[in-house]
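Values in this text are rule-based calculations from the coordinates and carry no lab data. For clarity, every value in this text was computed on a predicted model and none was experimentally measured.
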Amino acid sequence: MKEVGARLQEYLEKKGIQKKTFMKEVGLSQGHLYGMFKGKNFSLEILFRINDKYPDLTPCYLLNCQKNKENTNTILELENDKLQQEVMYKDMTIETLRNTIEVLNETVIHYKELNKVKNQLTKHEKEKTTQD
């Protein structure tokens, strides 16, 4: 992974991007960035955060996919993992929304029942005061 760090450093130098600017835009600490330069601290999340802020700095470029089939497989696995995480997150969101809707429906039913009781009590009180 040292090659990945070297490619990142080369990209920043070529584009004239200051390390401090890069760290801020991608959301990295100085220690994390320097670890990346040494070929450490790379993760799927970071590769895609970098690509979100710098579209021409793709995970495939950093992993040198064109020269190495193993790296190509790695990037495909990373992209697959990212997609699986997104699907899992969306599934969890959908399930949470379903549960919320169910709770809200139960709450509406409860309030309707309370409103019926309230109306019956009001009607009963009116009848009682009319009789007196």
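Greater than 19 Å separation of Cα atoms is the criterion. Which listed pairs, LYS19/LYS40; LYS15/LYS53; LYS24/LYS53; LYS40/LYS90, meet it?
Long pairs (Cα-Cα over 19 Å): LYS40/LYS90.
For the chain, count the residues as N, evaluate 2.2 N^0.38 Å, and divide the Cα radius of gyration by that value, please.
2.07
What per residue convex hull volume, in Å³, do the alpha-carbon atoms of segment 1-64 yield?
Convex hull of Cα atoms, per residue: 70 Å³.
Run down the lysines and flag those whose C-alpha is under 28 Å from the C-alpha of LYS128, throwing out any fewer than 8 positions away in its chain.
Within reach: LYS112, LYS116, LYS118.
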